[in-house]
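The numbers here are math on the coordinates, done by the rules we state, and not lab data. Note that this is a predicted model, so its numbers are computed, not measured. Methodologically, a virtual Cβ is constructed for each residue, glycine included, from the backbone with ideal geometry; neighbour enumeration extends over all protein chains shown.
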Amino acid sequence: MIWDKKIECATRSTIHKIHTTRLKKLVSTLSKSNPVYQQKLSALGIKPSNIKDITDIKKLPFTIKEDLRDNYPFGLFTDFDNTAEIHVSSGTTGNPTVVGYTKDDLKLWADVMARTFALAGALPGDMIQIAYGYGLFTGGLGAHYGALEMGLKVIPASSGQSKRQLKLMTDFKPRILACTPSYALFLLDEAKNLGLDPRASSWEIGVFGAEPWSESMRQQIEHSWNMQALDVYGLSEIIGPGVSQECPHKCGLHLQWDVFYPEVIDPKTGEEVKEGERGELVITTLTKQAMPLLRYRTRDIVTINYEKCICGRTTPRISKILGRTDDMLIIRGINVFPSQIEYVLLKIEGISPHYLLVVDRKNNLDVLEVWVEVDERMFSDEIKHLRAFENKIKYEIETVLGIDVTVKLVEPKTIERSEGKAKRVIDKRKI
Ligand code: DLL
């Protein structure tokens, strides 16, 4: 399947029926096959027979990232026996967030990613360079499955190795580039260093996402590379990339709502906001099997628009991500929670519980510096011991985060104390 006109251009009443049938089935499955959901539903006195219409979704409990953490690793799975693939993304403390797919889920992923590429203007037979990371991150493989489904020619370049990326582009002439927007900008500097003319590149379409980016970044990418830069949004818990994607009209990201039912709520009250108002995006996966999620609170702030788009699709469109309701940072496309770093630091002896994360963007690449205050006893140690200590902390943090960090040990009482909520992050990036 390339794109699904019947679904993507369906009338409201058709979609309403699909939503209702699917929600009923989902609630029935959850109440039969998952103890965590059984408990959540029975705490609210909800039985599957109470669900008569999709609007009844409001009666159902939310699911949050902490539910995944508390039931690590597979407690939220409903069909572990038929699980075929497992990915992880960042958790808030020691353990990562685990997500799983049955073979049918992988087919769903391929389908929604094929719709994604079609939205961006890709045509079967086009060549795509996928420079999202392959592996546990959902970016690379999700894009890969969708590209195969659509009949694209795939270059599975994965992330990094910029010179090689540019050589692949120059020699093979792919029409589409899929990577984080900051990497598209980073490649620009590399191209200039190599004496290439970026405006002459073969890339015509960019499918860029996994991190926030502004209109000014879009303009810079489009102008410098002479290409269309389109936004793709998704999150591992829901499926990975493939939740929503801009079409070339660039008036919001079309959300695949026949399978990912959206609500936009006031994060404080949990009530739905009016159409067009900012709120937290909540998604229910209506058809996933291995690990479906009920009313999952994404923590991403958006607005939503249900009007038909100029492109003809009737799928609702979310705005670009306008912020987060928590303190998650995205550094080089990787989600980082300050609490993950705190968790590591608190287990190391010789440091005080005061730290500061300084994030910056140098040559279009995110860098993270972790300032750690050592205690008095440690501070009086020899310099060589301090270096070894710095390396130990660096190693521990990098093992959990999966990205390079610089650790800077600072003297006791250097990091500013706050009377209110401690300030743990200085983000100097101008996105
Ligand atoms: O980033 C999935 C993905 C891969 C999306 C490739 C697009 C392209 P996670 O690692 O679980 O999954 O991170 C999900 O990243 O909740 C957002 O806060 C943020 N995010 C993802 N796409 C965008 C975007 C993938 N286009 C988290 N704009 C989400 C802003 C984004 N933020």
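Structural remarks
- 3J(HN,Hα) along the range 422-431, derived from phi through the Karplus expression 6.51 cos²θ - 1.76 cosθ + 1.60 where θ = phi - 60°, amounts to 4, 8, 9, 10, 10, 9, 8, 5, 10, 8 Hz, with x in place of Gly and Pro.
- Convex hull volume per residue, computed on the Cα atoms of the range 329-427, equals 99 Å³.
- Working note: Debye formula, equal point scatterers on the alpha-carbon atoms of the range 1-154, no solvent; log10 I(q)/I(0) at q = 0.21 Å⁻¹ is -1.28.
- ³J(HN,Hα), Karplus 6.51/-1.76/1.60, whole Hz, each residue of the range 386-391, x for Gly, Pro: 5, 4, 4, 5, 4, 5
- Local electrostatic count at residue 187 - Lys and Arg +1, Asp and Glu -1, tallied over other residues with Cβ under 13 Å: +2
- Karplus-derived HN-Hα couplings along the range 324-337 (A = 6.51, B = -1.76, C = 1.60, θ = phi - 60°), whole Hz, x at Gly and Pro: 10, 8, 10, 9, 5, 10, 10, 10, 6, x, 9, 6, 10, 9
- Using the Cβ of residue 9 as centre and a radius below 13 Å, the other residues enclosed give a net charge of +3, where K and R count +1 and D and E count -1.
- Using a Förster distance of 35 Å, the FRET efficiency for residue 386-residue 324 (Cβ separation, nearest 0.05): 0.50
- For the chain, the longest site-free run once GluC sites (Glu not before Pro) in DSSP loop states with at most 13 other Cβ atoms within 10 Å are removed: 1-270
- For residue 354, distant residues with modelled amide H under 5 Å away: 373
- Stokes-Einstein diffusion of the chain at 10 °C, 1.306 mPa s viscosity, Kirkwood radius from Cα pairs, rounded to a whole number: 69 µm²/s.
- Efficiency of FRET between residue 429 and residue 25 - r from beta-carbon atoms, R0 51 angstrom, step 0.05: 0.70
- Here 83, 325 are placed in order of increasing Cβ neighbour count within 10 Å, fewest first, which gives 325, 83.
- Charge dipole (debye, nearest 20) of the chain; +1 at Cβ of Lys and Arg, -1 at Cβ of Asp and Glu: 980
- Amide H contacts under 5 Å for residue 153, placed H, 5+ residues apart: 125, 126, 127, 128
- Unit charges on C-beta of K, R, D, E only; dipole of the range 164-316, Debye: 400
- The distance linking the range 229-301 with the range 31-77 is 18 Å (Cα centroid to Cα centroid, whole angstrom).
- Around the amide H of residue 408, modelled in the peptide plane, lie the amide H atoms of 370, 371, 372, all under 5 Å away and 5 or more residues distant in sequence or on another chain.
- Distance (nanometres) between label positions extended 7 Å along Cα→Cβ at residue 360 and residue 136: 2.9
- Spin-label pair residue 305-residue 223: with each label point 7 Å from Cα along the Cα-Cβ axis, the two points sit 2.4 nm from one another.
- Note on the range 205-293: Kirkwood radius taken over Cα pairs, Stokes-Einstein applied at 10 °C and 1.306 mPa s, translational D equal to 109 µm² s⁻¹.
- Between residue 379 and residue 107, the modelled labels are 6.3 nm apart [label points 7 Å from Cα along Cα→Cβ].
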